[in-house]
Amino acid sequence: MIFNGQHQDLRVNYFEYEEIDNRTKEQTFFSSWISDIPITENNCKELVVVARCRWKIENKTFNTMKNQGYHLEHNYGHGKQYLAINFALLTMLTFLVDQIAQHLDRAFQKAWKKVETKKLLWLEVNQAFNLLPVMSMNVIYRFICGDVKINIPLLE
């Protein structure tokens, strides 16, 4: 299959999958994919399973980035020149760093548990970041969960 009229030499493979409810005979799922992997009767089922898993991971990641304080929107991929895509890439980079912290930084885990939701955690982080002169995000996480006390003289 030729993927693009401007690039006639670029060839891809196409496959689609649909699920039909045996009782109602109604279509319950349909999707199609393109791949550079040769598609055969032997690997088609596995390709569908992998493609559906990948879609599920991507969809859950996007939903997380949209609904848990990262403010990622579908329209980030559009815009003048490269600004919008750069915003999307920076958001994804932020998400990656946060995922690493979420799994490895005990202070992050403790702060998240204290505030209960990621949206509230990002709000607390933002407030602390704007107010406190600190050397690391870890200090902010420890401040949020109460492990670090910061003495700031009152301003008059």
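Just so it is clear, none of the values below were taken in a lab; they were calculated from the coordinates. Not measured: the values here are computed from a predicted model. Using ideal geometry, Cβ is built from the backbone for each residue, glycine included, and neighbour counts are taken over all protein chains shown.
Scanning the stretch 119-143 for residues that are among the hydroxyl-bearing types (Ser, Thr, Tyr) and either surrounded by 16 or more Cβ atoms within 10 Å (Cβ to Cβ) or touching a residue at least 12 places away in the same chain (Cβ under 8 Å) (or both) gives a single hit, 141. Contact map, the stretch 30-49: first residue free of Cβ contacts under 8 Å to residues at least 24 places away in the same chain, second residue in a loop (DSSP other than H, G, I, E, B), Cβ cut-off under 8 Å, separation 6 or more or different chains; pairs are 35/12; 43/37.
Of all residues in the stretch 4-36, those satisfying the criterion of being over 24 Å from the mean Cα position of the chain (by Cα) and surrounded by 13 or more Cβ atoms within 10 Å (Cβ to Cβ) are 12, 13, 15, 17. For the structure I just gave you, tell me whether residue 156 is in a loop (DSSP other than H, G, I, E, B) and not aromatic (Phe, Trp, Tyr). It is true that residue 156 is in a loop (DSSP other than H, G, I, E, B) and not aromatic (Phe, Trp, Tyr). Among the conditions (1) of a type outside the set (Val, Ile, Thr); (2) surrounded by fewer than 16 Cβ atoms within 10 Å (Cβ to Cβ); (3) within 25 Å of residue 65 (Cβ to Cβ), residue 146 misses just one, which is (3).
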